[in-house]
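Take a look at the structure set out below.
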Amino acid sequence: MEYIQKSKKLADSFDHLFFDIVNDSPLSIVIADRHRKIVYVNQFFCLLTGYDYEEVIGKNPSILKSGLTPMHVYQNMYTTLEKVGKWQGEFKNRKKNGSLYIEYASISMIYDKKKIPYFIAFKQDVTEMVELNQNVYTDSTTSLFNRRYLNEQLPIEIQSSVEAKTPLSIIFIDLDFFKKINDRYGHIIGDELIKMVALFLLDNFKQKSSWIARYGGDEFLVCLPKTGKEQAYFIANQVRALIEQKIFKIQEKELSITCSFGVEEISEQNSIRTAEKLLSIVDKKLYLAKFDGKNTGFV
């Protein structure tokens, strides 16, 4: 009750025009006091989250936490607000009914007429926008990154590697005799096998900052920042051996498959500086591995 009364009096501490604008805003707006207790939310906040005004007044904004936002995001927010009084970032939150949503928040410190500090957060629901961007860069069959992501991200990775003078390796993987599986069992089972191999690759390439894209068909590209090609070859060869031993169970069928791979790197020791050249060289190394009898790698 104390906070509800405080909330009703809050408008007297600020310009009434300010509150008229805030309340009619198409953004979700939250004002919290110095103790991080909510003293005001606008109509759109209630509409978006499903909480009534009285339910959130006096509560910590953490009532929206889903547990899916990394802790370092909150730590950065508190540190930045304390130092500069402003912070912007993204939260994965949960509505009253339990459904998840993603919001982009811009939080600032403001002062009332008595110079008492408050935190005001302007928050926009960006769930659809984020999901749309994810779909643009996601392969529909495997849920890995797609060729578009690869074409845009790899040059960025290379530039970062060159500027930091750290190595970067890529592994080009191709499944052996995959066409025979498609011809024998059909494309539905072939797609299921591709999907299961993709998950297997994700489980076994867990280096920090690494990512995997489906290059096309039965080809995959693994990007390993801060990794030399000898280490990349060692990791790839381990994964190749694991795939050779793996039995993939699909629609009561037990399938096995092998893969071949090529490895190349960006480093201070070579002249490779573009994604086009890096991809061209690693493609040739993959060809040499396939020519050498398949189920092997070439570095």
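Every number here is computed from the coordinates shown, using simple stated rules; none is lab data. Values in this document were obtained by computation on a predicted structure and should not be read as measured data. Here the Cβ is made from the backbone with ideal geometry for all residues, glycine too, and neighbour counts use every protein chain on show.
So here's what we get for this one:
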quantity	calculated
³J(HN,Hα) computed for each position of region 73-82 - Karplus, 6.51 cos²θ - 1.76 cosθ + 1.60, integer Hz, glycine/proline x	5, 5, 4, 5, 4, 5, 5, 5, 4, 5
q = 0.10, 0.15, 0.16 Å⁻¹, the chain: log10 I(q)/I(0) [Debye, one scatterer per Cα]	-0.72, -1.06, -1.15
Model label zone, GLU131; criterion: amide N under 20 Å from point 7 Å along Cα-to-beta-carbon; scope region 71-108	90-105
Backbone HN-Hα couplings from phi across region 157-171 [Karplus 6.51/-1.76/1.60, Hz, Gly and Pro as x]	4, 5, 4, 5, 5, 5, 5, 7, 6, 10, x, 9, 10, 10, 10
Cα-derived Rg to Rh of region 137-298, Kirkwood definition	0.97
Charge tally in the Cβ shell below 12 Å around ASN270, where Lys, Arg are +1 and Asp, Glu are -1, ASN270 excluded	0
Sum of -39500 (n - 2.57) over DSSP H runs of 4+, divided by residues of the chain (222 nm, nearest 500)	-14000 deg cm²/dmol
Placed amide H near CYS259: partners under 5 Å, 5+ positions off or other chain	ASP176, ASN295
